[in-house]
Amino acid sequence: MTDAPLMHIGELAERTGLSLRTIRHYDEVGLVKPSGRSDGGFRQYSEGDLDRLLVIRRMKPLGYSLEEMAALLAAVDGTDPDAPAALERFREDARERRAKLARQVDMADEFIARLG
């Protein structure tokens, strides 16, 4: 761990736009763990933890499950022995999911235009 200051969960929630409950849930399921604890036992997070949560937050609108998020994070962390291939699969899948969302937005725009 570096000497960079750690932030409390409230600051992390503000910076990520995620709720305290969501961050605690991600801790419980193992997606992100606090880098430390205060003397009082409160969770403390690093900039690396923030970056990890931002990756997770960006996966949510694309419909990734918690298991898929964990698999991606394992590839990013290098704990997946097939990390380069796994990351390429995620890139391609994310492109496909994004294209599907773009088509949905186009359809919504057409619908709104028809409503006049």
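Every read-out reported here was derived from the displayed coordinates using simple, explicitly stated rules and does not represent laboratory data. What you see is a predicted model; the values in this text were computed from it and never measured. Positions of Cβ are backbone-derived with ideal geometry, glycine not excepted, and every protein chain shown enters the neighbour counts.
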Report, ordered by the first and then the second residue, all pairs with beta carbons closer than 8 Å, sequence separation of six or more or different chains, a first member in segment 33-54 that is under 15 Å from PRO5 (Cα atoms) and without any contact (Cβ under 8 Å) to a residue 12 or more places away in the chain, and a second member that is charged (D, E, K, R) and surrounded by 13 or more Cβ atoms within 10 Å (Cβ to Cβ). ARG37/ARG43
Residue under evaluation ASP80, criteria (1) in a helix (DSSP H, G or I); (2) touching a helix residue (DSSP H, G or I) at 6+ places or on another chain (Cβ under 8 Å), criterion not met: (1)
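Which residues, counting only those in segment 16-58, are charged (D, E, K, R) and more than 9 Å from the chain's Cα centre (by Cα)? Don't jump to the end; show me each part of the working.
Residues of segment 16-58 charged (D, E, K, R): 21, 24, 27-28, 33, 37, 39, 43, 47, 49, 51-52, 57-58.
Across segment 16-58, the qualifying residues are ARG21, ARG24, ASP27, GLU28, LYS33, ARG37, ASP39, ARG43, GLU47, ASP49.
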I'm checking my understanding of the structure. Among residues of segment 16-32 that are among the aliphatic types (A, V, I, L, M) and either loosely packed, with under 14 Cβ neighbours inside 10 Å or free of Cβ contacts under 8 Å to residues at least 24 places away in the same chain (or both), which one is nearest to VAL105 (Cα to Cα)? LEU20
Return the pairs, sorted by first residue and then second, in which the second residue is of a type in the set (Asp, Glu) and surrounded by 11 or more Cβ atoms within 10 Å (Cβ to Cβ), the first residue lies in segment 79-90 and is closer than 16 Å to MET69 by Cα, the beta carbons are less than 9 Å apart, and the residues are 6+ apart or on different chains. ALA86/ASP80; LEU87/ASP80; PHE90/GLU68
